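The values are calculated or read from the model by the stated rules, or taken from the named source; none is laboratory data. Computed from a predicted structure; not experimentally measured. As a convention, Cβ positions derive from the backbone with ideal geometry for all residues, glycine included, and neighbour counts pool all protein chains shown.
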């Protein structure tokens, strides 16, 4: 038994070493087979052109999502643009009297888009601990992200939120995140019934 | 040099795989009305997978590979699932279903992650597949599948075998030559057996010939047995079989022949259910254990409020409605959302109510809210169809309104109409007793409701983020008002079911 264990350990070690070595040897031999799905954050260059994007915040009474326009960097390609929009949404200061729907400190790990026009938004797990909970607040947070992407990138059909690189059951115990979600118009306060706050460039 | 190294790596890899194969995860047991079948499980990248070949053997599906396209089609009758290697989305009759990890092709065989079974395969089988990871079970269809955990205690003369049965289920003990057969009134049992203490006259404890029975093999020293049943907490029951040896009978009554063991002892554990459309109610106190839920500024915890209201509601329903009530938790423990709906399914509940307290970024927001499930459409075809599925539902403030019923492959989907009615009754009853939020009734994709195989609603009884409501929610008076309103709603819902 002990011999078998030692042999297994030795083989596993040899395998790990050689697998690592072969990867090193293979590295210069051309491009990766699978293109990376996660893009690097866009460089913070003031010369980069910016576009207007619709972001979402909580209404003054906390009950609805309200759209507000913000400038975000123009990015090359849908994935990079989706990333720029979500990053802007996560860090945006809400224009008074609106409030942020996403807990402070939430960060984005990555964005990728499937061939079926589904966007996957991968959030850092800290959003879980920072979230206050409650069905209402969780719906507001989730659909801020979903609506922000689907409003600005109409080619996208659905958004699935991942947490820490994994498919997640829920963010705070309520909203089902196991499948891609569609835009939620019910939570959005329609512009006709309110005056939009001025954009805050 | 590189080539030699790579070849060595290849050999080591094969050997390592062969060695790893010995440490594969345990098989799943597929429980159905036909009995038990094993379904082997392998680990790929730390995820559990099953081979499509094995799925075909167990479920009678067929698979056809399209090597050119790198795809596989699994078919049963006219329904099919299309898989693509390394894509974690599969198409089931045109609907897209996401998987936690993509199908993999290994050693010429296709493998799919375990979640493929309840999420995709269940759709082509047109039945529910309940995956229970801890006991390694896959339950096919709406089976009564109570969990039965056995314990053996060897006394100085006797041996006691105790079965903890969750949910409480009737059992029947039959004495046969050399053995006792315990048969549970269930389709299958999810059985956990201990190892036997040595040197007793209980020689064996094993699953019976049918999927719902256990067999106790008795040795020659066994003379008779006694059966005791006790209903335990939270809907579970206990059956204790006390095995007595021949010597005990001789010492206690040496001149009298010991009475023959009753050939059949029928145990009646649960009380007879009243004939009504609302026999069993499962109440789910939201959150619990490590999962605190939301928290008020003064430290009031959602998990404590929900449990307190659930207990009050249980007392009211039991005394006023005569229905059986089970709480998914009756103490401060962590439960997954699947465990909560599975608990309701196992108890064959007629209604599932999940209780919660709410939170908002604006402290002024207050009032109670009721939710029932909305299900997302996954493809254009379903979107188009949904337009024809408009259904009239009870609306707030009386009357009715038309909504789109959008069906998805969830257990809850077929109860959406009844759940909408239930939510309507809850909203009306709450509005008579407590303050309602401006969004009193809503439809949302709430995870705990998805798997509930009965009418289900989630009630947010108030906002802990509002100072006034935090104080209210902690009082017995407010909790009683909520419980009374929910009872009123259940009475209305019972009338609705009966007509």
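Below, the figures for the structure above:
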read-out	value
Matching residues in the stretch B:343-372 - criterion: being in contact with a helix residue (DSSP H, G or I) (Cβ under 7 Å, 6 or more places away or on another chain) and either more than 9 Å from chain A (Cβ to nearest Cβ) or on the phi > 0 side of the Ramachandran plot (or both)	B:347, B:351, B:352, B:353, B:354, B:355, B:366, B:368, B:370, B:372
Looking only at the stretch B:429-460, and only at residues there that are in contact with a strand residue (DSSP E or B) (Cβ under 6 Å, 6 or more places away or on another chain) and either without any contact (Cβ under 8 Å) to a residue 24 or more places away in the chain or assigned to a helix (DSSP H, G or I) (or both), the one that is surrounded by the fewest Cβ atoms within 10 Å (Cβ to Cβ)	B:430
In the stretch B:312-332, residue surrounded by the fewest Cβ atoms within 10 Å (Cβ to Cβ) [restricted to those that are in contact with a strand residue (DSSP E or B) (Cβ under 7 Å, 6 or more places away or on another chain) and either free of Cβ contacts under 8 Å to residues at least 40 places away in the same chain or more than 25 Å from residue B:490 (Cβ to Cβ) (or both)]	B:318
Residues being more than 14 Å from chain B (Cβ to nearest Cβ), outside any strand (DSSP E or B) and surrounded by 19 or more Cβ atoms within 10 Å (Cβ to Cβ) - total across the stretch A:45-74	0
Residues of the stretch B:314-334 classified as closer than 13 Å to residue B:166 by Cβ and within 14 Å of chain A (Cβ to nearest Cβ), total	2
Filter result for residue A:160 (in contact with a strand residue (DSSP E or B) (Cβ under 6 Å, 6 or more places away or on another chain) and assigned by TED's automatic domain parsing to the domain that holds residue A:68)	yes
Hits in the stretch B:426-453 (condition: touching a helix residue (DSSP H, G or I) at 6+ places or on another chain (Cβ under 6 Å) and within 18 Å of residue B:490 (Cα to Cα))	B:426, B:429, B:430, B:433, B:434, B:440, B:441, B:449, B:452, B:453
Leading residue by the ranking (nearest to residue A:79 (Cα to Cα)) among those in the stretch A:149-167 that are free of Cβ contacts under 8 Å to residues at least 40 places away in the same chain and surrounded by 18 or more Cβ atoms within 10 Å (Cβ to Cβ)	A:150
Residue in the stretch A:152-169 that is over 14 Å from the mean Cα position of the chain (by Cα), closer than 21 Å to residue B:457 by Cα and part of a strand (DSSP E or B) present	no
Tally, over the stretch B:33-62, of residues that are in contact with a helix residue (DSSP H, G or I) (Cβ under 9 Å, 6 or more places away or on another chain), over 14 Å from residue B:103 (Cα atoms) and in a strand (DSSP E or B)	4
Any chance residue B:341 is under 26 Å from residue A:176 (Cβ atoms) and without any contact (Cβ under 8 Å) to a residue 40 or more places away in the chain	no
Residue count, the stretch B:449-480 (criterion: facing another protein chain (nearest Cβ under 8 Å) and over 19 Å from the mean Cα position of the chain (by Cα))	4
Residues satisfying the stated conditions in the stretch B:159-187, i.e. surrounded by 17 or more Cβ atoms within 10 Å (Cβ to Cβ) and over 29 Å from the mean Cα position of the chain (by Cα)	B:159, B:160, B:175, B:180
Residue match in the stretch B:142-149 (condition: touching a residue at least 60 places away in the same chain (Cβ under 8 Å), closer than 19 Å to residue B:341 by Cα and surrounded by fewer than 16 Cβ atoms within 10 Å (Cβ to Cβ))	yes
Residue B:77 being closer than 30 Å to residue B:347 by Cα and touching a helix residue (DSSP H, G or I) at 6+ places or on another chain (Cβ under 9 Å)	no
Selection count, the stretch B:281-299, where residues are crowded, with 19+ Cβ neighbours inside 10 Å, away from chain A (no Cβ under 11 Å) and not in a strand (DSSP E or B)	0
Odd one out for residue A:171 among (1) closer than 23 Å to residue B:443 by Cα; (2) facing chain B (nearest Cβ under 9 Å)	(2)
One residue from A:146, A:111, A:142 being assigned to a strand (DSSP E or B) and either crowded, with 22+ Cβ neighbours inside 10 Å or outside the structural domain of residue A:181 (by TED's automatic domain parsing) (or both)	A:111
Members of the stretch B:424-448 that are under 22 Å from the mean Cα position of the chain (by Cα) and under 14 Å from residue B:461 (Cβ atoms)	none
Strands (runs of 3 or more DSSP E) lying entirely in the stretch B:81-196 (those with 3 or more residues that are away from chain A (no Cβ under 14 Å) and more than 30 Å from residue B:57 (Cβ to Cβ))	B:147-154, B:159-166, B:171-176, B:179-184
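Conditions tested, residue by residue: (1) in a helix (DSSP H, G or I); (2) touching a strand residue (DSSP E or B) at 6+ places or on another chain (Cβ under 7 Å); (3) modelled with pLDDT under 95.
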position	(1), (2), (3)
B:462	no, yes, no
B:465	no, no, no
B:469	yes, yes, no
B:483	yes, no, no
B:486	yes, yes, no
B:494	yes, no, yes
